[in-house]
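Novice: Before I ask anything, let me first share the structure, which is written out below as structure tokens.
The values are calculated or read from the model by the stated rules, or taken from the named source; none is laboratory data. What you see is a predicted model, and the numbers here were worked out from it, not measured in a lab. Don't worry about glycine lacking a Cβ; one is built from the backbone with ideal geometry, like all the others, and counts go over all protein chains shown. We work out accessible area using only protein heavy atoms, side chains counted, and drop any ligands, DNA or RNA first. Shrake-Rupley method; radii C 1.70, N 1.55, O 1.52, S 1.80 Å.
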Amino acid sequence: MTERRAILSGSPFEEQIGYARAVVDGDRVHVSGTTGFDYATMTISDDVVEQAEQCLRNIGDALARAGCGFGDVVRVRYLLPAREDFEPCWPVLRRRFGDVRPAATMMVCGLADPRMRIEIEVYARLPQTR
């Protein structure tokens, strides 16, 4: 039987909605759609680039707690309410994923809170131990 482990960030959304920031299932790590909230203060910037940076900090923390990092990401999904907000985020995203080159999709859709301008979801594989 494969190990399944939930990783919680402390975000009140996890408790209110009933999900985990990430789930480790065997050698796979599924990181939930993650927004630009700073979970320690429950604040969010108005700036989409700052939100993208905070998304990646939140995701990086979840990946580290799972036992991997951005270099282990195999798939990323970007969700934005406004298509024109995506390109300003590219430099931030390239710093994390430019050498990794995960499969990626960008979708335009509504998000749960009108303050949210980007949500990022990733899938990673735990490094093989030898």
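Novice: Ignoring any ligand, DNA or RNA, what whole percent of the accessible area of the chain comes from carbon and sulfur when the probe is 1.4 angstrom?
Specialist: On the way: 3620 of 7370 Å².
Result for the chain: 49 percent of the exposed heavy-atom area is carbon or sulfur.
Novice: From the helices alone, meaning DSSP H stretches of at least four residues, give me the mean residue ellipticity at 222 nm for the chain, per-run term -39500 (n - 2.57), in deg cm²/dmol to the nearest 500. Walk me through the intermediate numbers first.
Specialist: Details: 2 runs with 31 residues, N = 130.
When only DSSP H runs of four or more count, the value is -8000 deg cm²/dmol.
Novice: Once phi is turned into ³J(HN,Hα) by the Karplus curve 6.51 cos²θ - 1.76 cosθ + 1.60 with θ = phi - 60°, what whole-Hz value does each residue of segment 5-12 show in order, with x for glycine and proline?
Specialist: Computed from phi, the couplings for segment 5-12 are 9, 8, 10, 9, 9, x, 5, x Hz.
Novice: Could you give the angle, 0 to 90 degrees to the nearest 10, between helix 86-97's Cα long axis and the longest principal axis of the Cα atoms of the chain?
Specialist: The angle comes out near 20 degrees.
Novice: Taking the chain as the reference, fit the longest principal axis to its C-alpha atoms, fit the long axis of helix 48-66 to the helix C-alpha atoms, and give the angle between the two in degrees, 0 to 90, nearest 10.
Specialist: 10 degrees
Novice: Here's something else I'd like to know. Just to be sure I understand, if you calculate Rg and Dmax of the Cα atoms in Å for this structure, which of (1) 15.6, 45; (2) 16.9, 58; (3) 14.2, 46 do you get?
Specialist: Matching the structure shown: (3).
Novice: Quick check for you: which residues of segment 1-17 have the amide N under 14 Å from the point 7 Å beyond the Cα of ALA40 toward its beta carbon?
Specialist: 10-11
Novice: Restricting to Cα pairs below 8 Å that are 6+ residues apart, what does the relative contact order work out to for the chain? Please round to a whole percent.
Specialist: Details: 243 pairs, mean separation 39.3, N = 130.
Relative contact order, the chain: 30 percent.
Novice: By per-residue mean of other Cβ atoms within 10 Å, what is the highest-first order of 10-17, 116-123, 77-84?
Specialist: Working: 10-17: 12.8, 116-123: 22.8, 77-84: 15.0.
The densest-packed peptide leads the list: 116-123, 77-84, 10-17.
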